[in-house]
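Computed from the coordinates by the stated procedures, all read-outs in this text should not be read as laboratory data. Computed from a predicted structure; not experimentally measured. Please note: Cβ atoms are built from the backbone with ideal geometry, for glycine as well, and neighbour counts cover all protein chains shown.
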Amino acid sequence: MRIVISALVILFLLTSFSKSEVLSDKNPMVMHPEWYIKILDWSFYVAWGGVAIIHNVAIENTSSVGYKDIKVRVNYYSTTGSNYGLQVGQEIGFLPVTLPPKSKNIYLKDGSVLGLGSTNLRAGGIEVLSAVPLIQ
């Protein structure tokens, strides 16, 4: 009896692992939105008090899935001294936009707070980290 129960448990575990692998393999657009969201152009400035503002963000979504709440990382580079041009920090923030499937548009024309910044640093190297898929 123990052998039969053990065999059933092993069989159940093997089928559940293979099903989860198939689900993630079937829809990488849901599992890895960062592969399909491309930031083509963007503008950035630091307002009084060190508030980093991102605006005029051109985004292309090559996926057939829509996304919202795009999580990005912006790298900061030194503009002074012996560290000139070296990466000295980064900021992670969210772009409060909704991207339709297979779309390309300019978002945040009026700007959105990304986080903290400094007028002594240059922002560069924006990278999409994740997004919330819009699936029904």
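Before moving on, here are some points about what is shown:
- Backbone N under 20 Å from the T80 label point (7 Å along Cα→Cβ), restricted to the stretch 99-121: 116-121
- Applying the Karplus relation 6.51 cos²θ - 1.76 cosθ + 1.60 with θ = phi - 60° to the stretch 47-64 yields 3J(HN,Hα) values of 7, 3, x, x, 8, 7, 10, 10, 8, 6, 8, 8, 10, 10, 10, 8, 7, 8 Hz, where x marks Gly and Pro.
- In this structure, the amide hydrogen of G117, modeled 1.01 Å from its nitrogen in the peptide plane, lies closer than 5 angstrom to those of V51, A52, counting only residues at least 5 positions away or on a different chain.
- Nonlocal amide H pairs with G66, under 5 Å, H built at 1.01 Å: L134
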